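The values are calculated or read from the model by the stated rules, or taken from the named source; none is laboratory data. In this text, all values refer to a predicted model and were calculated from it rather than measured experimentally. Cβ placement follows ideal geometry from the backbone for every residue including glycine, while neighbour counts extend to all protein chains displayed.
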Amino acid sequence: MARLPHRSAPFLYGQLAITTAVATAIGAFQSVPLRAAALVCWAAAWVAAWLLMLPIVLAVSPLLPRRVAAITRESPE
């Protein structure tokens, strides 16, 4: 089976897909009654959210470990 190069890993980040899918489903199913139109509305919203959030996550995620380390400390054991 052909595999993608490791440098493409951030684009396959599963948490982003799950988070955007859940958030857009909540919005879509609250605004449109549950039927085929709601699924189309959700799918369009999910694609838009994922495309918008991907560059933000790629830009911010390398900074997070350093920021978290700066505001936390190891617990004494």
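Things worth noting here:
- If the condition is being surrounded by 10 or more Cβ atoms within 10 Å (Cβ to Cβ) and within 12 Å of the chain's Cα centre (by Cα), then segment 49-69 contributes 49, 50, 51, 52, 53, 54, 56, 57, 58, 61.
- Helices (runs of 4 or more DSSP H) lying entirely in the chain (those with 1 or more residues that are polar (S, T, N, Q) and at pLDDT 75 or above): 14-31
- Single condition residue 72 does not satisfy, out of (1) over 23 Å from residue 7 (Cβ atoms); (2) surrounded by 10 or more Cβ atoms within 10 Å (Cβ to Cβ): (2)
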